[in-house]
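Peer 1: Submitted below is the structure of interest, expressed as structure tokens.
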Amino acid sequence: TDRVLVMRSGRVVEQGSVQEIFEHPKDDYTRTLLAARNTKPLIKPVADNAPCLLEARNLDVIFGRPGRFWRRDTQRHIVKALSLTLKQGETLGVVGESGSGKTTLALALLNLIDGVAGEIRINNQRVDGLREKQFRPFRRDLQVVFQDPFGALSPRMNIADIVGEGLTVHAPDLPADQRDDQIAQVLAEVGLDADILHRYPHEFSGGQRQRIAIARALILRPKVLILDEPTSALDASVQLQVLNLLASLQKRHNLSLILITHDLAVVRALAHRVLVLYQGEVVEHSTTENLLSNPQHHYSKILIESAQLSGVC
């Protein structure tokens, strides 16, 4: 790119060469965008005695069926012999290119796909192989926020029903007034007013919809949140707001996070440790600081060099 146009609300607020925009921004909005791409760590250290909340050992995910006689072999090995641990109050980043197995890993941990082998423990209880009815009690402790905040929210449900859906499933006997109080409380925690309860997802911006999705996950007071590209659909300034919100919620509730992303700026802001996935395998596992300053695997080096070219690291 030789020249840059910075637009806000349909009008150009600044234009110039790449060097001029990055080194001498004139408009406040341009400065906000640049600051959002240089996020500093927002996390606090994990306690030495923090318990392990989630563990996976030798996790394999295979889609398709093996060939047999006349049947063609359609097997694809998506995740290969993957192991991980997650302590209370810790964020584990999972990075890699599209198709590396990041989202498949999340779906396996959430018991949402078939073809999973290996051992998964939540609160030191083994949960791999459980049927949905058996796994349902564990869903209170393990919630997810998906990438697309619009596609993840039903357009036919209002905000009260969306946020309170978990209570309907896991606390069906909760009195209506207490349910309403909990919905209002969790909306306040994510920075939204209770007067939005009877509105619908299409009435909100992308950042507001993601806050609603986070509130829906938080309503059950989970111990672990899986975040699948939680800011990739948002512009840079809104992304920074959501990152600050997640960091604040983690500190307030001592949440554990699995952060699935391709964005190393997001990893630097929120992750204590990082797994680098390449073609379904962990090729590097390190603290965030060590990975960004001294990557060991050639694929990790490629990711970081790409991020440096885009001004992230």
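The values are calculated or read from the model by the stated rules, or taken from the named source; none is laboratory data. Because the structure is predicted, anything quoted here is derived from the model rather than measured. These area figures cover heavy atoms from the full protein model, side chains too; ligands, DNA and RNA do not enter into them. Shrake-Rupley method; radii C 1.70, N 1.55, O 1.52, S 1.80 Å.
Peer 1: Residue by residue through the stretch 82-93, what is 3J(HN,Hα) from phi via Karplus (6.51 cos²θ - 1.76 cosθ + 1.60, θ = phi - 60°)? Round to whole Hz and write x for glycine and proline.
Peer 2: Whole-Hz 3J(HN,Hα) from phi for the stretch 82-93: 8, 10, 7, 9, 9, 8, 5, x, 9, 10, 9, x.
Peer 1: State in Å² the accessible area per residue of the chain; use a 1.4 Å probe, count heavy atoms of protein chains only, and round to the nearest integer. Could you put the intermediate results ahead of the total?
Peer 2: Values: 16220 Å² over 313 residues.
Solvent-accessible surface per residue comes out at 52 Å².
Peer 1: If you stretched the chain out fully between D181 and S154, how much longer would it get, using 0.36 nm times the residue separation minus the C-alpha to C-alpha distance? Walk me through the numbers on the way to the answer.
Peer 2: Details: separation 27, 0.36 × 27 = 9.72 nm, distance 2.20 nm.
Here the segment from D181 to S154 would lengthen by 7.5 nm.
Peer 1: Over all directions, the average projected area of the alpha-carbon convex hull for the stretch 128-284 comes to how many nm²? Could you put the intermediate results ahead of the total?
Peer 2: Working: hull surface 41.7 nm².
Taking the Cα atoms of the stretch 128-284, their convex hull projects to 10.4 nm² on average.
Peer 1: Taking the square root of 5 times each eigenvalue of the Cα gyration tensor, what semi-axes in Å does the equivalent ellipsoid of the chain have, largest first?
Peer 2: Numbers: eigenvalues 201, 161, 74 Å².
Whole-Å semi-axes of the equivalent ellipsoid: 32, 28, 19.
Peer 1: Still on this structure, please answer the following. At 222 nm, what value in deg cm²/dmol follows for the chain if DSSP H runs of at least 4 each add -39500 (n - 2.57) and the sum is divided by all its residues, to the nearest 500?
Peer 2: Values: 12 runs with 108 residues, N = 313.
The helix contribution divided over the chain gives -9500 deg cm²/dmol.
Peer 1: Setting aside same-chain residues fewer than 8 positions from K223, which lysines have a Cα under 21 Å from its Cα?
Peer 2: The reachable lysines, counting only those whose Cα sits under 21 Å from K223, are K44, K87, K102, K133, K251.
Peer 1: Mind checking Rg over Rh on the stretch 1-139, alpha carbons, Kirkwood formula for Rh? Please report the intermediate quantities before stating the final value.
Peer 2: Numbers: Rg = 23.1 Å, Rh = 19.5 Å.
Value, to two decimals: 1.18.
Peer 1: Same structure again: Just how many % of Cα pairs in the stretch 227-309 lie over 22 Å apart, if you round to the nearest whole percent? Intermediate results must be reported in sequence, preceding the final value.
Peer 2: Working: 917 of 3403 pairs.
So the portion of pairs separated by more than 22 Å is 27 percent.
Peer 1: Using the C-alpha gyration tensor of the stretch 112-203, what are the square roots of 5 times its eigenvalues, in whole angstrom, with the largest one first?
Peer 2: Details: eigenvalues 169, 56, 28 Å².
Semi-axes (√(5λ), whole Å): 29, 17, 12.
Peer 1: Can you report the principal axis dimensions of the stretch 196-236 using only the alpha carbons, biggest first, rounded to whole angstrom?
Peer 2: So the three principal-axis extents are 30, 28, 11 Å.
Peer 1: Right, another one. With N set to the number of residues, divide the alpha-carbon radius of gyration of the stretch 174-227 by 2.2 N^0.38 Å and report two decimals. Let's see the in-between values first.
Peer 2: Numbers: Rg = 11.4 Å, N = 54, 2.2 N^0.38 = 10.0 Å.
Compactness ratio reported: 1.14.
Peer 1: A further question follows. Straight-line reach from K26: which lysines have a Cα under 25 Å away, not including same-chain ones fewer than 8 places off?
Peer 2: Partners within reach: K40.
Peer 1: At 24 angstrom or more along the helix axis (alpha-carbon based) and mean Kyte-Doolittle of -1.0 or higher, what helices does the chain contain? Whole DSSP H runs only. Don't skip to the answer; put the middle values down first.
Peer 2: On the way: long enough: 236-253 (26 Å, 0.21).
Those that clear 24 Å and a mean of -1.0 are 236-253.
Peer 1: Additional query: Roughly to the nearest percent, how much of the accessible area of the chain is carbon and sulfur, given a 1.4 Å probe? Before the final figure, lay out each step's value.
Peer 2: Values: 7720 of 16220 Å².
Accessible surface attributable to carbon and sulfur in the chain totals 48 percent.
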